[in-house]
Amino acid sequence: AEETEWYGNLPRGRPPHSTTPAQRRDILQAAETDPQTNAVAIRDSLHLDVCERTVRRVLHEAGVHHRTPAKKEYLNDQHREGRLRFAQQYVDKAEDFWKRVIWTDEKTFSSTCHGRRHCWRWNNTR
């Protein structure tokens, strides 16, 4: 009875990794190469004999998480110049020109990717 109590009080260690260091490097490289992939696709592309939770754990331990990407990128100087050139091109058009223009609300429709997009991102990156 004393031996059982003694074993029960020992601190439990972590089980050994089910992936090798080379496999962990490959998982990180796959997420960096194609950030919009998922854990199942990474596991299948690398032909790993582990579950997708293991792939996620390896990525999370390295500081890589599956995040929703930013909705739009910031305007840079090239974008601003292009918008200004476009506005200057049409500033002097007559009223009859604008009567023939069809205006829309700029809504984009897509027949694919109906859900949220996700991507693998390192901590503290956009």
Where does helix 52-61 land angle-wise versus the long Cα axis of the chain, in degrees 0 to 90, nearest 10?
80
Taking the Cα centre of the stretch 30-126 as origin and charging only Cβ (+1 Lys, Arg; -1 Asp, Glu), how large is the dipole, in debye to the nearest 20?
300
Per residue, how much accessible area does the chain have with a 1.4 Å probe, in Å²?
90
Among 13, 82, 63, determine the one that fluctuates most according to a GNM of the chain built with springs between C-alpha atoms less than 10 Å apart.
13
Please list 41-49, 53-61 highest first by mean number of surrounding beta-carbon atoms within 10 Å per residue.
53-61, 41-49
Run the 1.4 Å probe and let me know the accessible area of residue 122, rounded to the nearest 10 Å².
110
Return the carbon/sulfur percentage of the accessible area of the stretch 1-97, one whole number, probe 1.4 Å, all protein chains in place.
49
Which residue, 89, 36, 23, tops the fluctuation ranking in a GNM of the chain built on C-alpha contacts under 10 Å?
89
What FRET efficiency do you get for residue 89 and residue 49 if R0 is 41 Å and r is their Cβ-Cβ distance, rounded to the nearest 0.05?
0.10
Looking at (i) 2, 8, 12, 11, 10, 9, 9, 8, 7, 6, 5, 4, 2, 2, 1, 1, 1, 1, 0, 0; (ii) 2, 11, 19, 19, 14, 10, 8, 6, 3, 2, 2, 1, 1, 1, 0, 0, 0; (iii) 2, 12, 22, 24, 19, 12, 6, 3, 1, which value of P(r) over Cα pairs in 5 Å bins from 0, in percent comes from a calculation on the structure shown?
(i)
Given a 1.4 Å probe and heavy atoms of the protein chains only, how would you sort 71, 99, largest accessible area at the top?
71, 99
What lysines could a cross-link reach from residue 72, if we take a straight Cα to Cα line under 24 Å and drop same-chain neighbours fewer than 8 places away?
107
Residue by residue through the stretch 78-89, what is 3J(HN,Hα) from phi via Karplus (6.51 cos²θ - 1.76 cosθ + 1.60, θ = phi - 60°)? Round to whole Hz and write x for glycine and proline.
5, 5, 4, 5, x, 5, 5, 4, 4, 5, 5, 5
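The values are calculated or read from the model by the stated rules, or taken from the named source; none is laboratory data. From a predicted model like this one, the values you see are computed outputs, not experimental measurements. Virtual Cβ from ideal backbone geometry, glycine too; neighbours counted across all protein chains shown. Just the protein is used for accessible areas: all its heavy atoms, side chains included, with ligands, DNA and RNA removed. Shrake-Rupley method; radii C 1.70, N 1.55, O 1.52, S 1.80 Å.
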